[in-house]
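Take a look at the structure below.
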Amino acid sequence: MRVIRLLLVALVPLAILGVFFVLPVTGMVSRGFWTDGSFDPGGVLDVLTRPRVHRVLWFTLWSAALGTLFSLALGLPAAHVLYRRRIRGGSVLRAALLAPFVLPTVVVGVSFRQLLTASGPLGFLGLDGTPAAIIAGLVFFNASVVIRVVGGAWESLDPRPAEAAAALGATPFQVLRTVTLPALRPAVVSAASVVFLFCATAFGVVLTLGGLRYSSVETEIYLLTTNLLDLQAAAALSVLQLVVVVGLLLAAARARRTADPSLARVVARPRRLARGDVPALVATSVLALLVLGPIAALVAGSLRTDGAWSLANYRALETTGQSSGQQHALLVPVTDALMTSLRTAVDATWMSLLLGLTVAVVATRRSRSRSERRVRTVLDGLFMLPLGVSAVTLGFGFLITLDRPPLDLRDSPLLVPIAQALVALPLVVRTLVPVLGSVDDRLRQAAATLGASPFRAALTVDLPVVGRPLLASAGFAFAVSLGEFGATSFLARDEHPTLPVVIFGLIGHPGPMNYGMALAASVVLAATTATVMLAVERLHVPVGST
Amino acid sequence: LTGEDDSGSGSGTAGGGDVVLVTHESFVLPKKLMKQFDQDTGYHLVVRASGDAGTLTNKLVLSQGNPQGDVAFGVDNTFASRALDADVFAPYAADLPPGADTYVLPGDDDHRLTPIDNGNVCVNIDTQYFKGKRAPQTLDDLVDPAYRDLFVLPGAASSSTGLAFLLATIAKYGDGWPDYWTKLMDNGAKLTAGWSDAYEVDFTQGGGGGDRPIVLSYDSSPAFTIDGDHSTTKALLDTCFRQVEYAGVLTGADNPKGAEAVVDWLLSPQVQAALPESMYVFPVDTETTLPAEWASYAVQPEDPYALDPADIAAHRDEWLTTWSDVTSR
Amino acid sequence: MLSLRDVSVAYDGVPAVTDVDLELPDGQVLAVLGPSGCGKSTILRAVAGLEPLSGGSVSWDGADLAGVPTHRRGFALLFQDGQLFPQLTVARNVGYAPRLRRAPDTAKRVGELLELVGLAGYGDRLPGTLSGGERQRVALARALAAEPRLLLLDEPLSALDTGLRERLAVDLRAILRTAGTTALMVTHDHEEAFTVSDRMAVMRAGRVVQEGPIADVWREPADPETALFLGYARVFRAAAAAAVLAAAGRPPAAAVAVRRSALSLDPSGPLAATVVSSRATPEQVRLVVDADGVGEADAVAPLDSHPGVGQRVRLAVDPGRLAVWESAPAAS
Amino acid sequence: MLSLRDVSVAYDGVPAVTDVDLELPDGQVLAVLGPSGCGKSTILRAVAGLEPLSGGSVSWDGADLAGVPTHRRGFALLFQDGQLFPQLTVARNVGYAPRLRRAPDTAKRVGELLELVGLAGYGDRLPGTLSGGERQRVALARALAAEPRLLLLDEPLSALDTGLRERLAVDLRAILRTAGTTALMVTHDHEEAFTVSDRMAVMRAGRVVQEGPIADVWREPADPETALFLGYARVFRAAAAAAVLAAAGRPPAAAVAVRRSALSLDPSGPLAATVVSSRATPEQVRLVVDADGVGEADAVAPLDSHPGVGQRVRLAVDPGRLAVWESAPAAS
Ligand SMILES: Nc1ncnc2c1ncn2[C@@H]1O[C@H](COP(=O)(O)OP(=O)(O)OP(=O)(O)O)[C@@H](O)[C@H]1O
Ligand SMILES: Nc1ncnc2c1ncn2[C@@H]1O[C@H](COP(=O)(O)OP(=O)(O)OP(=O)(O)O)[C@@H](O)[C@H]1O
Ligand SMILES: Cc1ncc(C[n+]2csc(CCO)c2C)c(N)n1
Ligand SMILES: [Mg+2]
Ligand SMILES: [Mg+2]
């Protein structure tokens, strides 16, 4: 009974996931299983025995694992410093650290390489084309995920259990290990699993920074699908990808499970820095360098035209170039593309928040039975899947499955925001679930005994704790949508490309100012994101009003 | 199936309604010209652009019979056979402008694809760097130890530019191409993921001030590196592979008449003239006046390398696999 | 009227409350007592609809509450650990229920209740900044503000000092009386039970072992264990019982439970004993004695007497501080 | 030896503890009592190093602890609300401190402590599945397992029923004695303070108003308010004080505090009074009387007497249950 009611609540998200994810992906994968009209799973299995596939899979796994590990190693101390300590400019830094998230990977790849190439400022490190460069790129993008997801849960963590541990003789490190990290485990695992998926499906970073010597499952699928139209092999790799992802999600669900997730939440009140924070500060500085270095290179590049400093690249963003006699061709001015991006991002954001909140609430309510708990866990994991599937598979899947009534959606203007919302959804869910899951159910019960309906109880109890994480995930969704390229570039659109698509177009072609404009547009994209994030930070959730 | 689907929507025959052009994301033409098309024909041109040429072709193949639009532009000679084999395009014999018949797709006997523009992928060099030195000229020169560690190029698997160069070497060396690549790699050629990487990071005349004076780029590229009255780069015309982009009416189009009008429009003098500055390609119409920089600095090769599209379609997979093996050793 | 019939509650299959029957007429207050972990809080949670019953039924005025969710029951529960809403101020915590039902004059009522629990002026504080006892008082005020038809109080005064506890117990009694509120109160303080409630239920290991008007339960505990729980110091049987009863001038019986203060130092008392140990408390000196014909027993002496260990003393037995079982009670 | 000198603690500038001086010799147990919100927990937190001092110093064996972080102090604090680690089992909670210092035989020690607090077999349970009293006992076991040089206990037994509380108080006393542990214990239970501690400090509004050996404090409260807090029922001054003292056979004085049980029904008593109200409790009948020359006062009567309201009675005054101030104490 309860299980059925549960599924009913999750109906809308499930339907959307079904239509916009399950259907296209199965459509695409099944094409690979049917060759010339007959079912041929053998061919798919054959692909999986190729040594190249093994090499690629192995590289994907270890590079993603290392990328995740380093993102955690730098992101966790930074989350501590940025969310638990009062530091000047903290909110600006928090916003700035999210900026990389939206930068187009090609642009970042090029910036990184300009630093790392033999004649570049960091050329002496000899990192160009090495796995170390790839990992650095992965961390550049994803440390902010760790900071946000974990920071949101850390911010309002009750300090008393830590005090209790200290009062029993635990050193700060022991407190961290035995009390704080276990309390944060759901959030840490959440962040880690999302980051792992981002890293494992990284495309531009691997190709650009790896100097073509490395390919990941994602790059293979891209090549097989868009270049060779070898659907069988692509299906094989897609299935492999799905299997790995499902395995990961199961492991993550297990690792997230704590004996008792309930934590007291307090009104956030950051403390001043103390001597014990030095290691965390060091890690934060390293991260800041890793993130701000390439960004600085990028900004510098955007300010140079013809070997001199100028704002010409930025001025050019307003034009299509046709009239001025300048040879850079754009269908629309970059400023228009920015507006398109912002509009799409607003739509994608509210969609993913609505869906994500529903999923997170459904996934975290206390289960009365084991089967109910299992259903909730599966629901929770299901919405992570879009991250683990190649955008190419999804994109072609849209094309071949959503092509006839009643689902003739190929040309729908909603397709782009919905696809982006699906990509953002896991981040929203993963940001909210650890916090919602740690709300002590007895507080809701207290509200109920005072006459509050479940909805009202949620307003009283859940909303205040989830308020800031909700803002954080809104920021995430917004950023994902602003920066999303893979699926967006794939979907048919009219004359309104988003900014990343325009940037990609600019950087892919020769032209006197194209490269500089691409850099300038990227800076605009990142700055817009950081500004929106900062505004969101300032939006103090009204606590204590319900 | 002829594609003359007169049971389709009435808008097609009436010379009104939407006509949908499916194309890749590099498609750009001045807004003015598109408005002009609408005015002249009574159709409303809707552009749906996404992905690159490969993606475009595969999308057309996968949605064969139920296409996303009426007309497609952007399938090139490296992918054309796949599209033709899958019966994506319907016959339409447009009036070709002067010079365009050179670019007609070999084997396209019932006029399914119409050539619109062309360009060549050529090795470019930094003329500043080679001032007073002997510059390379041919593919053979690139494996000369004199040019050790000087060449950077995008890979064939991840970049269409890189693929074109691979095809050039195959056209030149035939079955011996893997040997050539072995030598090329041994001579310190550097592979990058994409064109922008090679050009903007590693090339000495690119944005980043790299350290390699030989790069794989286009015949039109020298027009973008003008310093005063001369270009600082030069395309090596003996190393080129020609890419031709086609347009065609889609099988199963709702508005085949409108689609034909679009093909005609793409061949019109105005559009042909706009191609260089909009999409960095040469028009197929040899009577088009080129922009001044193009006329002076972007020299097209007389006799670029070419391969039979059917050959490419049949062997692309095998060639790329071999290429990956050779280059990753 | 609240009725529990055969109510059982289990946690993960382990029974915490078994076959509890209780009736609580309107306007009465029932104190639930029992050792730690015996199931008191569980009963309150079950009545509030927070724990599913594994058997039996809870009903109000004859209507089974099985399908009625907590927030529709109109019962307010004061949790043992308060469960204040951490992000709401004290005033908003207390005013929570009145505001939900849009009661008029919430602010005034909140002020009165805070005054009552001695926290006037604390309205704008956050729960996190309160002392333990202050938090408990806010929780009490919040439950009272709900003006429920049934008030469920789980150790409402346990964190308070004696003076405040006594005052609040009296005030609580007055409030419940005035409003005619029915209430179920868990407490471990016998005094408090006496002050606030009309009836009393004693629980042990998930079962109610005795229920009735409070004074009756006290005077006549159902069995020796209940007697011990209620503060009787020891239970004597057979010959020892007879000796104690004889000293109290009562006929012999199977068993007798004695309060600590039942035996007191009295030079003219009928019972002779040897002092085994003595310890001073605020009110009196507590002795352990070896009474002739009885064995080891407790006794009290006035604060100014200092009977030494080993000294022979005489004791009087107060018949009002004994509980007598005519037939042998089951040893459990 | 623990010394507090002029210790002050403020929360956001509002003083919670002001100028507290305390000395606690090694091996002794000091009970801290005071009304709710007077600063008891704050002192414990300050000693543990969890709250910064706004003034004064805490030192151990003469060494100022100012720069010493909590975990280096070697003190264990039992929080008022337990603060068990929710994700650790009972056994791991109790074994937390021993495991930190890699003590041998942790499992055995944990077993013993759980046995002590009556929770043998609960080792694998999670704190979330325990009753309130069970949680508190686990917290006590956890603090004891730390074997600190100073044990800080904040209301360690408040959630327990009387029987268990008494037993645990005695056990606690024994443990502290045996290990020679110095301890500071906050409690609101006077009995418990008596059982466990050697000395007692009474706080009011952030200050220690009296400190000394426990019986002394009880017998001679520093001022009337302290007396009232310590359970004296009323304070009489001037003529009323003289009347009471006369009935007790003592010389007149400025003020006298009387326990409730100081006046008891006694047909041959020296004081005449009219019964104003009477109420039965488990142990005795409590009266409020209007005593001639004294005014309203409390008295007790045996359970079997039933003096009616308005009845004239005679009362005896027990001089051992009075506290006398020769000079007029400051009215505060
Ligand atoms: N974090 C805090 N912020 C502000 N004020 C506080 C804070 N903690 C306690 N107080 C205030 O300080 C005073 C002393 O609190 P403390 O907890 O020491 O009292 P206590 O004597 O332990 O009381 P109780 O017996 O009720 O636990 C109280 O008035 C309380 O409201
Ligand atoms: N959530 C739970 N899961 C499993 N067992 C539980 C749970 N809550 C309580 N119990 C067990 O059920 C029994 C009764 O618990 P309950 O809280 O009702 O006791 P209580 O009488 O209120 O005790 P206390 O006076 O200590 O608060 C205890 O043995 C306890 O360990
Ligand atoms: C390695 C790596 N590359 C890019 C991004 C940026 N990014 C932001 S949202 C999103 C999901 C789909 O677009 C991605 C990939 C990242 N986080 N990690
Ligand atoms: Mg309880
Ligand atoms: Mg306290």
Calculated diffusion of chain C, Stokes-Einstein form, Kirkwood radius summed over Cα pairs, 25 °C and 0.890 mPa s, µm²/s: 112 µm²/s
Dipole of chain A [Lys/Arg +1, Asp/Glu -1 at C-beta], most positive-end residue of A:Val53, A:Gly211, A:Ile16: A:Ile16
Among D:Arg314, D:Arg142, D:Arg173, residue whose mean-square fluctuation peaks in a GNM of chain D (springs only between Cα atoms under 10 Å): D:Arg314
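What's the Kirkwood radius of the stretch D:92-179 in Å, using all Cα pairs? Intermediate values should be presented prior to the final figure.
Numbers: mean 1/r = 0.0755 Å⁻¹.
Across the stretch D:92-179, the inverse of the average 1/r is 13.2 Å.
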Which of D:Trp60, D:Gly27, D:Ala103, positive extreme of dipole for the stretch D:27-116 (C-beta unit charges): D:Ala103
With Cα atoms, 0 to 90° folded angle of helix B:256-266 axis to chain B main axis: 40 degrees
Residue with peak Gaussian network fluctuation, chain B [Cα springs, cutoff 10 Å], from B:Lys133, B:Lys59, B:Lys172: B:Lys133
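Relative to the Cα centre, what is the charge dipole magnitude of the stretch D:62-149, using +1 at the beta carbon of each Lys and Arg, -1 at the beta carbon of each Asp and Glu, and rounding to the nearest 20 debye?
Values: 13 positive and 8 negative charges, 54 e Å.
My answer is approximately 260 debye.
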Surrounding net charge for A:Met384, when Lys and Arg each add one and Asp and Glu each subtract one, Cβ distance under 15 Å: +3
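Please list the helices of chain A that count as membrane-span-like by this rule: a mean Kyte-Doolittle hydropathy of at least -1.0 together with Cα atoms stretching 20 Å or more along the helix axis, each helix being a complete DSSP H run. Numbers along the way, then the final one.
Details: long enough: A:51-84 (48 Å, 0.81); A:131-155 (34 Å, 1.48); A:181-200 (27 Å, 1.80); A:231-256 (36 Å, 1.72); A:278-302 (35 Å, 2.11); A:334-364 (42 Å, 1.23); A:415-437 (32 Å, 1.91); A:463-483 (29 Å, 1.43); A:514-538 (36 Å, 1.14).
Span-like helices in chain A: A:51-84, A:131-155, A:181-200, A:231-256, A:278-302, A:334-364, A:415-437, A:463-483, A:514-538.
Can you give the FRET efficiency to the nearest 0.05 for C:Ala107 and A:Arg538, using r as the Cβ-Cβ distance and R₀ = 25 Å?
Values: r = 31 Å, r/R0 = 1.25.
Here the calculated transfer efficiency is 0.20.
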With Cα atoms, 0 to 90° folded angle of helix B:160-173 axis to chain B main axis: 70 degrees
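For each of D:Asp64, A:Asp336, count neighbouring Cβ atoms within 10 Å of the residue's Cβ, then give the residues from fewest to most. Could the numbers behind the result be given before it?
Details: D:Asp64 12, A:Asp336 19.
Lowest to highest Cβ neighbour count: D:Asp64, A:Asp336.
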Of C:Pro148, D:Val275, D:Pro127, farthest towards positive along the dipole that unit charges on Lys, Arg, Asp, Glu beta carbons give the protein assembly as shown: D:Val275
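With a sphere of radius 14 Å drawn around the Cβ of D:Val58, what net charge do the other residues whose Cβ falls strictly inside it have (Lys, Arg +1; Asp, Glu -1)? The partial results should precede the final answer.
On the way: positive: D:Arg5, D:Arg45, D:Arg72, D:Arg73, D:Arg149; negative: D:Asp6, D:Asp19, D:Asp21, D:Glu23, D:Glu51, D:Asp61, D:Asp64.
Neighbourhood net charge equals -2.
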C from D by rotation - nearest chain D beta carbon to the axis, in Å: D:Ser158, 3
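Over chain A, calculate the relative contact order: mean separation of alpha carbon pairs under 8 Å at least 6 apart, over the residue count, as a percent.
Rounded, it is 24 percent for chain A.
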C:Val20 long-range amide H proximity, modeled H, under 5 Å: C:Asp6, C:Val7, C:Ser8
Mean projection area, nm², convex hull over Cα of the stretch A:40-302: 16.8 nm²
Proximal lysines relative to B:Lys35, as straight alpha-carbon distance under 22 Å, when same-chain residues fewer than 8 apart are discounted: B:Lys257
Relative compactness, the stretch D:1-139, computed as alpha-carbon Rg over 2.2 N^0.38 Å: 1.20
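Enter the mean number of other protein chain beta carbons within 10 Å of the beta carbon of each residue in C:78-84, as an integer. Walk me through the intermediate numbers first.
Numbers: counts 2, 6, 6, 8, 3, 9, 2.
So the per-residue partner count for this stretch is 5.
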Alpha-carbon centroid distance for the pair the stretch A:428-477 / the stretch B:145-197, whole angstrom: 58 Å
Bins of 10 Å from zero: percent of alpha-carbon pairs in chain A: 4, 18, 28, 27, 16, 6, 1, 0
Which of B:Tyr180, B:Tyr173 has the fewest Cβ neighbours within 10 Å, and the rest in rising order: B:Tyr173, B:Tyr180
Helix B:309-328 vs. chain B, principal-axis angle (Cα, 0 to 90°, nearest 10): 30 degrees
Per-copy distances of the D:Ala280 label point, shortest first, in nm (7 angstrom along Cα→Cβ): 3.5
Relative intensity, log₁₀ I(q)/I(0), of the stretch A:1-112 from a Debye sum that treats every alpha carbon as a point, q = 0.18, 0.23 Å⁻¹: -1.06, -1.16
Whichever aspartates and glutamates have a C-alpha closer than 17 Å to that of B:Lys133, once near sequence neighbours (fewer than 8 apart) are set aside: B:Asp141, B:Asp144, B:Asp149, B:Asp211
Euclidean distance of C-alpha centroids, the stretch A:7-56 and the stretch A:163-236, integer Å: 22 Å
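Once you list every other residue whose beta carbon is under 11 Å from the beta carbon of D:Pro224, what net charge do they have if Lys and Arg are +1 and Asp and Glu are -1? Write down the numbers at each step before the final one.
Details: positive: D:Arg234, D:Arg237; negative: D:Asp223, D:Glu225.
In short, 0.
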Kirkwood Rh in Å, taken over chain B so that all alpha-carbon pairs contribute: 20.6 Å
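How many percent of Cα pairs in the stretch C:234-325 exceed 23 Å? All intermediate terms of the calculation are to be shown ahead of the outcome.
Numbers: 669 of 4186 pairs.
Counting pairs separated by more than 23 Å, the tail of P(r) holds 16 percent.
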Burial ordering of C:Val68, D:Val309, B:Val71, fewest other beta-carbon atoms within 10 Å first: D:Val309, C:Val68, B:Val71
Whole-percent pair-distance distribution, where bins are 10 Å wide, for the alpha carbons of the protein assembly as shown: 1, 7, 13, 16, 15, 11, 9, 8, 7, 5, 4, 3, 1, 0, 0
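Would you mind working out the magnitude of the charge dipole of the stretch A:395-546 relative to its Cα centre, with +1 at each Lys and Arg C-beta and -1 at each Asp and Glu C-beta, to the nearest 20 Debye?
Working: 9 positive and 10 negative charges, 82 e Å.
With only Lys, Arg, Asp and Glu charged at Cβ, the dipole is about 400 debye.
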Size of electric dipole in chain C: Cβ of Lys, Arg +1 and of Asp, Glu -1, about Cα centre, debye, nearest 20: 660 debye
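Taken together, the values in this text are just the output of simple stated rules run on the coordinates, not laboratory data. As the structure is a prediction and not an experimental result, all values here were calculated from the model. Every residue, glycine as well, gets a Cβ built from its backbone with ideal geometry; the counts of neighbours run over all protein chains shown.
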